[in-house]
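Following: one structure in structure tokens, then a few remarks.
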Amino acid sequence: MYATIRRYSTKTSASDETVDQFKHRIEEKFLPTISDLPGFRSYAILRTGDKEIVSLTLFEDRQGAAEGTRKAAEFVAKDPFKEQLSPPEVIEGELLLLKDAVLGVR
């Protein structure tokens, strides 16, 4: 499996409302696109502070991850929030270990 982390910094503090609207657009417009890519496994976004948003994407292989990064760049380039975002720091690599919990079992 292959993981991609994209770390976006905002030029100014982003309000809760701005981040919520961005999250909604990701859910409506980006997730359907990325989840249809071959090898897609999961996608998550984190708000790590007033000026930072991080995404984590998992794919079966490097090719899927590369296509996911390309689609993410296309999405951000068209999004109204783009003016507040600096170009992302992108970290990619082979996933060495992943443990998923079984739902409903502890």
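The values are calculated or read from the model by the stated rules, or taken from the named source; none is laboratory data. Just so it is clear, the model here is predicted, and its values are computed rather than measured. Because the Cβ atoms are built from the backbone with ideal geometry, glycine has one as well, and the counts that use them run over all protein chains shown. The accessibility values were calculated without ligands, DNA or RNA, using every heavy atom of the protein model including side chains. Shrake-Rupley method; radii C 1.70, N 1.55, O 1.52, S 1.80 Å.
Scan the range 37-50 and tell me whether some residue there is within 12 Å of the chain's Cα centre (by Cα), of a type outside the set (Lys, Arg) and open to solvent by less than 30 Å² (accessible area, probe 1.4 Å). Within the range 37-50 (the criterion being within 12 Å of the chain's Cα centre (by Cα), of a type outside the set (Lys, Arg) and open to solvent by less than 30 Å² (accessible area, probe 1.4 Å)), the answer is no, since none of the residues qualifies. Taking Ile34 as the residue in question, decide whether it is among the hydrophobic types (A, V, I, L, M, F, W, C), on the phi < 0 side of the Ramachandran plot, surrounded by 12 or more Cβ atoms within 10 Å (Cβ to Cβ) and in contact with a helix residue (DSSP H, G or I) (Cβ under 6 Å, 6 or more places away or on another chain). When the stated conditions are applied, Ile34 passes them.
The residue that is modelled with the lowest pLDDT, counting only those in the range 82-106 that are open to solvent by less than 80 Å² (accessible area, probe 1.4 Å) and either more than 21 Å from Thr4 (Cα to Cα) or polar (S, T, N, Q) (or both), is Gln84. Of the numbered criteria (1) touching a residue at least 24 places away in the same chain (Cβ under 8 Å); (2) assigned to a helix (DSSP H, G or I), the one Leu98 fails is (2). Counting only helices (runs of 4 or more DSSP H) that sit wholly inside the range 1-92, those with at least 2 residues that are of a type in the set (Asp, Glu) are 16-25, 62-78. In the range 19-27, the condition of being at pLDDT 90 or above, buried (at least 16 other Cβ atoms within 10 Å of the Cβ), out of contact with any Asp or Glu (no Cβ under 7 Å at 6 or more places or on another chain) and within 19 Å of Ala66 (Cβ to Cβ) is met by no residue.
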